[in-house]
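What follows is a set of notes on a single structure, which appears directly below.
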Amino acid sequence: MDEFYQKIEQVKKEHLYNPKLQQKYKCSKCKDTGFLCRINENGHEVFYRCECYAMNQARKIIKCSGISAEFQKKTFDNFITNGKYEQLTNAKTKAIQYVDNFYKIEHDKYNSIMFCGQVGAGKTHLGIAICGALMKEGIAITYMAYRNIITKLKQNIIDEEIYNRELNQYISARVLYIDDLLKGRLTEADINIMYEIINHRYMNNMPMIISTEKTPDELLKFDEAIGSRMIEMCRYNIIYLHGKELNYRLYHLS
């Protein structure tokens, strides 16, 4: 611990008054150390995480998530509806409202949002756009590409240490984005893993962003305990998109 404090002090002394080095910092507040210092009520120095730490961690998670750099550019601004489809316009509005209200609802029971239904309607686009907007506010997001992560977890299930370490990323994330929930062939192991994740987040009011081709009824059929928890958490933010005309991959909304 003493070594840690010495390192912080060294950085402060070496860089605080060096304009050339100041220009190289990504974060001018902590000088890229990831920590800030304040004096507590007893007159002692107390070190705490800089807000840039969560942002950097979030960027690392997104970078390693398997989402291409091009896809990370999906924003609200380039979610184009051309005013033709009311469902898509409403979905975009709901997504923006969710971001605007996030701090108010983060610790409430109904603090999550779900985009479900029609293939190719932009569900993942809106999910990524929410992630990007929240990250700009310093909120760390953990991205879970459902099919890839479930497969990885099942492969490690016999090694308790690795399994629990991997699972904990999704259980304990401040905000969890589950993309393409229930994609592919489903097994009993899928149910058990998802129950661990969803139930913990449900019991602790930890928000989720969910995209899935399943309807709310199909989520309940998959597993009533899991489906009902997700539906309850997303109660005021379930966006169900339906109709093949919404598949921009086929119709391009032109």
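What residues of segment 201-243 lie in the reach of a label at Arg147, counting those whose backbone N is under 14 Å from a point 7 Å from the Cα along Cα→Cβ?
The answer is 212-214.
For a quick check of understanding: with a 1.4 angstrom probe and all protein chains in place, what accessible area in square angstrom does Asp179 have, to the nearest ten?
Roughly 10 Å² of Asp179 is accessible to a 1.4 Å probe.
Could you give the alpha-carbon Rg of segment 78-161 over 2.2 N^0.38 Å, rounded to two decimals?
Here the answer is 1.34, to two decimals.
Roughly speaking, to the nearest percent, how much of segment 139-254's 1.4 Å accessible area is carbon and sulfur? Before the final figure, lay out the partial values.
Details: 2800 of 5960 Å².
Its accessible area is 47 percent carbon and sulfur atoms.
How large is the accessible surface per residue of segment 163-224, computed with a 1.4 Å probe and reported in Å² as a whole number?
Details: 2800 Å² over 62 residues.
Accessible area per residue, segment 163-224: 45 Å².
For Gln155 and Phe47 in the same chain, what is the full-extension length gain: residue separation times 0.36 nm, less their Cα-Cα distance, in nm? Numbers along the way, then the final one.
Details: separation 108, 0.36 × 108 = 38.88 nm, distance 3.92 nm.
Gain on extension, Gln155 to Phe47, equals 35.0 nm.
How much accessible surface does Ser211 have with a 1.4 Å probe, in Å² rounded to 10?
For Ser211, solvent-accessible area is about 0 Å².
Just how much of Leu167 is accessible, in Å², when a 1.4 Å probe is used and the result is rounded to the nearest 10?
Here the accessible area works out near 0 Å².
Subtract the Cα-Cα distance of Arg185 and Asn205 from 0.36 nm times their separation in residues, and report this length gain in nm to one decimal.
Computed gain between Arg185 and Asn205 is 4.3 nm.
Take segment 154-215, compute every pairwise Cα distance, and split them into 5 Å bins from 0; I just need the percent in each bin.
Answer for segment 154-215: a P(r) of 4, 16, 25, 28, 19, 8, 1 percent.
As a test of reading the structure, rank Lys74, Lys136 by solvent-accessible area (1.4 Å probe, protein chains only), most first. Present the calculation step by step, with values, prior to reporting the outcome.
Numbers: Lys74 65, Lys136 170 Å².
Heavy-atom accessible area, descending, gives Lys136, Lys74.
May I ask which of Lys104/Lys136; Lys73/Lys94; Lys24/Lys60; Lys104/Lys221; Lys183/Lys244; Lys92/Lys244 have a Cα-Cα span longer than 26 Å here?
Numbers: Lys104/Lys136 17 Å; Lys73/Lys94 20 Å; Lys24/Lys60 20 Å; Lys104/Lys221 32 Å; Lys183/Lys244 19 Å; Lys92/Lys244 18 Å.
As for pairs spanning more than 26 Å Cα to Cα, those are Lys104/Lys221.
May I ask you to rank Phe76, Phe102 by accessible area, largest first, using a 1.4 Å probe over the protein chains only? Display every interim value, and only then the final one.
Details: Phe76 30, Phe102 0 Å².
Listed by decreasing accessible area, they come as Phe76, Phe102.
Where in segment 172-254 are there trypsin sites (Lys or Arg not before Pro) that are in a DSSP coil and have at most 13 other Cβ atoms within 10 angstrom of their Cβ?
Values: sites: Arg174, Lys183, Arg185, Arg201, Lys214, Lys221, Arg229, Arg235, Lys244, Arg249; in loops: Arg174, Lys183, Arg185, Lys214, Arg235.
Within segment 172-254, the qualifying trypsin sites (Lys or Arg not before Pro) (loop, at most 13 other Cβ atoms within 10 Å) are Arg185, Arg235.
Indicate the gyration tensor shape class of segment 134-175 (rounded, prolate or oblate), computed on the Cα atoms with a ≥ b ≥ c the square roots of the eigenvalues: a/c under 1.5 is rounded; otherwise a/b larger than b/c is prolate and the rest oblate.
Since a/c reaches 1.5 but b/c is at least a/b, the shape of segment 134-175 is classed as oblate.
The values are calculated or read from the model by the stated rules, or taken from the named source; none is laboratory data. The structure presented is a predicted model; accordingly, all values stated were derived computationally and were not measured. Note that we place each Cβ from the backbone using ideal geometry, even for glycine, and neighbour counts take in every protein chain shown. SASA here: full protein model, heavy atoms, side chains in, ligands and nucleic acids out. Shrake-Rupley method; radii C 1.70, N 1.55, O 1.52, S 1.80 Å.
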